[in-house]
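The values are calculated or read from the model by the stated rules, or taken from the named source; none is laboratory data. Remember, it's a predicted structure, so these values are computed and weren't measured experimentally. Virtual Cβ from ideal backbone geometry, glycine too; neighbours counted across all protein chains shown. When the accessible area is computed, the model is the full protein with side chains, heavy atoms only, and any ligands, DNA or RNA have been set aside. Shrake-Rupley method; radii C 1.70, N 1.55, O 1.52, S 1.80 Å.
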2 protein chains.
Amino acid sequence: MDDKTRSTYFTFFNEIGIISQLSRTILESRLPDGMLISHFSVLNHLMRVGDGRTPQDISRAFQVPKTSMTHTLAVLEKHNLVEMKPNPKDGRSKNVWITAKGREFRDHAIAGMDPDIERLSGLLAEFDVATVSEQLAGIRKIMDASRDEKD
Amino acid sequence: MDDKTRSTYFTFFNEIGIISQLSRTILESRLPDGMLISHFSVLNHLMRVGDGRTPQDISRAFQVPKTSMTHTLAVLEKHNLVEMKPNPKDGRSKNVWITAKGREFRDHAIAGMDPDIERLSGLLAEFDVATVSEQLAGIRKIMDASRDEKD
DNA sequence: ATTATATAGTTCGATATCGTACTTAATTGA
DNA sequence: TCAATTAAGTACGATATCGAACTATATAAT
């Protein structure tokens with residue numbers, strides 16, 4: 001493979017990683033003590049794609065080991081932000097439901113970022129973030145669909 | 001602030017986060033056992049921007065606590081991938097130098113991703129990754145420069 | 001039907017990450 | 001000059017993340 005392709009993709013993923021880290025830091029600094037991105041992300045996911053999913057569904061969506069998700073969900077459940085119920089279709093499995101408190105928490109966290117988004121949208125006025133975002137969504141969908149292919 | 005701006009930025013950072021996680025998983029699966037993204041990233045950083053930096057410089061670059069960097073550097077040093085020397089300009093500080101073995105490790109890790117980049121560059125042919133990357137670099141630079149402003 | 005295999009989730013031990021408190025050295029300011 | 005403050009790195013304890021092994025249930029094979 002040619003050097004240019006390698007360097008293009010490597011640079012791309014590097015930029016993605018830096019922006020991801022910067023945005024994580026911003027969001028995390030707005031979350032209450034003890035709450036991490038992992039917790040927020042699961043709640044946000046459940047509201048975006050709908051709740052009642054299994055832990056496996058969620059761990060696959062985030063591309064993290066199921067054992068990590070067990071732990072994250074246990075924390076959320078302890079804080080009454082989600083409820084775990086038996087999966088009526090599969091005795092081994094569970095269904096995860098977000099609680100009213102969980103919805104509030106997520107909405108409040110998003111609202112808490114308003115000053116940051118205000119500031120950033122001013123600073124980034126010269127960029128077409130919406131269009132870049134659409135491109136990224138396309139790239140993400142393809143990467144997501146091919147995630148298990150290897151070699 | 002209007003809902004559209006909020007949702008644009010929120011979607012943008014969400015896409016960034018997903019792609020970041022997908023690319024991290026790909027890279028990490030190519031690293032030898034026990035080596036994580038954090039280790040690779042530091043070596044890569046030292047080669048990109050030059051070594052001899054202080055631990056603080058590096059922790060600030062990655063926007064992680066200095067105590068996390070202490071640990072990461074200790075692991076790298078134990079594996080002889082970096083060397084820590086006293087900072088001649090500041091008795092409290094250190095300088096971090098990448099070793100020949102560290103350079104090899106980083107180059108080898110990058111080469112190990114070739115099959116993935118090959119595959120992705122085929123799948124993503126319809127996207128102008130280089131141009132998106134340039135946009136991201138611009139966004140990243142501004143975010144990076146304004147990272148400590150708040151409220 | 002019964003056994004073999006695969007799957008969902010948990011437990012457990014190891015390492016990573018992080019916040020707080022501490023040590024040591026540099027800098028500031030009276 | 002020297003006390004007060006700031007800054008770099010580390011030690012330590014708490015939680016997060018992860019891989020391997022395990023339990024319980026579902027599915028497949030005969």
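Determine whether A:Glu77 is in contact with a Phe, Trp or Tyr (Cβ under 8 Å, 6 or more places away or on another chain), surrounded by 12 or more Cβ atoms within 10 Å (Cβ to Cβ) and within 19 Å of A:Ser59 (Cβ to Cβ).
Here the answer is no, as A:Glu77 does not meet what is asked.
Does B:Leu22 fit the bill of being open to solvent by less than 40 Å² (accessible area, probe 1.4 Å), more than 12 Å from every other protein chain (Cβ to nearest Cβ), more than 12 Å from DNA strand D (Cβ to nearest atom) and in a helix (DSSP H, G or I)? Before you say what the answer is, go through the steps one by one.
Working: open to solvent by less than 40 Å² (accessible area, probe 1.4 Å): yes; more than 12 Å from every other protein chain (Cβ to nearest Cβ): no; more than 12 Å from DNA strand D (Cβ to nearest atom): yes; in a helix (DSSP H, G or I): yes.
Spelling it out, it is not the case that B:Leu22 is open to solvent by less than 40 Å² (accessible area, probe 1.4 Å), more than 12 Å from every other protein chain (Cβ to nearest Cβ), more than 12 Å from DNA strand D (Cβ to nearest atom) and in a helix (DSSP H, G or I).
Quickly run through the stretch B:107-118 and pick out the residues that are within 8 Å of chain A (Cβ to nearest Cβ), open to solvent by less than 40 Å² (accessible area, probe 1.4 Å) and not aliphatic (A, V, I, L, M).
Across the stretch B:107-118, the qualifying residues are B:Asp114, B:Asp116.
If a residue has to be crowded, with 17+ Cβ neighbours inside 10 Å and more than 8 Å from DNA strand C (Cβ to nearest atom) to count, how many in the stretch A:39-57 make the cut?
Of the residues in the stretch A:39-57, 10 are crowded, with 17+ Cβ neighbours inside 10 Å and more than 8 Å from DNA strand C (Cβ to nearest atom).
Identify, by number, the condition in (1) part of a helix (DSSP H, G or I); (2) away from DNA strand D (no atom under 15 Å from the Cβ) that B:Asn80 doesn't meet.
B:Asn80 satisfies all of (1) part of a helix (DSSP H, G or I); (2) away from DNA strand D (no atom under 15 Å from the Cβ) except (1).
For the stretch A:25-38, how many residues are open to solvent by 30 Å² or more (accessible area, probe 1.4 Å), under 24 Å from A:Leu124 (Cα atoms) and more than 7 Å from every other protein chain (Cβ to nearest Cβ)?
Residues flagged as open to solvent by 30 Å² or more (accessible area, probe 1.4 Å), under 24 Å from A:Leu124 (Cα atoms) and more than 7 Å from every other protein chain (Cβ to nearest Cβ) within the stretch A:25-38 amount to 3.
Six or more apart or on different chains, Cβ atoms under 9 Å: show the pairs whose first residue is in the stretch B:118-140 and of a type in the set (Phe, Trp, Tyr) and whose second is open to solvent by 10 Å² or more (accessible area, probe 1.4 Å).
Filtered contacts from the stretch B:118-140: B:Phe127/A:Gln135; B:Phe127/A:Gly138; B:Phe127/A:Ile142.
Considering A:Glu134, A:Glu118, A:Glu126, which residue is more than 19 Å from the chain's Cα centre (by Cα) and in a helix (DSSP H, G or I)? Let's see the steps before the verdict.
Working: A:Glu134 fails: more than 19 Å from the chain's Cα centre (by Cα); A:Glu126 fails: in a helix (DSSP H, G or I).
Matching residue, one of A:Glu134, A:Glu118, A:Glu126: A:Glu118.
Filtering the stretch B:1-19 down to residues that are charged (D, E, K, R) and at the interface with chain A (Cβ under 7 Å from one of its Cβ atoms), which residue is most open to solvent (accessible area, probe 1.4 Å)?
So the residue we want is B:Arg6.
Being part of a helix (DSSP H, G or I), within 7 Å of chain A (Cβ to nearest Cβ) and not basic (Lys, Arg) is the filter here; which residues of the stretch B:137-151 pass it?
Within the stretch B:137-151, B:Ala137, B:Gly138, B:Ile139, B:Ile142, B:Met143, B:Asp144 meet the criteria.
Identify, from the list B:Leu46, B:Leu81, the residue that is of a type in the set (A, V, I, L, M), out of contact with any helix residue (DSSP H, G or I) (no Cβ under 7 Å at 6 or more places or on another chain) and touching a residue at least 40 places away in the same chain (Cβ under 8 Å).
Testing whether each residue is of a type in the set (A, V, I, L, M), out of contact with any helix residue (DSSP H, G or I) (no Cβ under 7 Å at 6 or more places or on another chain) and touching a residue at least 40 places away in the same chain (Cβ under 8 Å) leaves just B:Leu46.
Look through A:Glu104, A:Glu126, A:Glu83 and report the one residue that is more than 7 Å from chain B (Cβ to nearest Cβ), under 19 Å from A:Arg48 (Cα atoms) and either exposed (fewer than 14 other Cβ atoms within 10 Å of the Cβ) or modelled with pLDDT under 95 (or both).
None of the others qualify; the one that does is A:Glu104.
Criterion first (more than 14 Å from every other protein chain (Cβ to nearest Cβ), within 17 Å of the chain's Cα centre (by Cα) and buried (at least 16 other Cβ atoms within 10 Å of the Cβ)) does B:Val64 satisfy it?
no
Results for (1) among the aliphatic types (A, V, I, L, M); (2) without any contact (Cβ under 8 Å) to a residue 12 or more places away in the chain, shown as yes or no for each residue.
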position	(1), (2)
B:Asp2	no, yes
B:Phe12	no, yes
B:Ile26	yes, no
B:Ser29	no, yes
B:Thr54	no, no
B:Arg60	no, yes
B:Pro88	no, yes
B:Ala100	yes, yes
B:Arg103	no, no
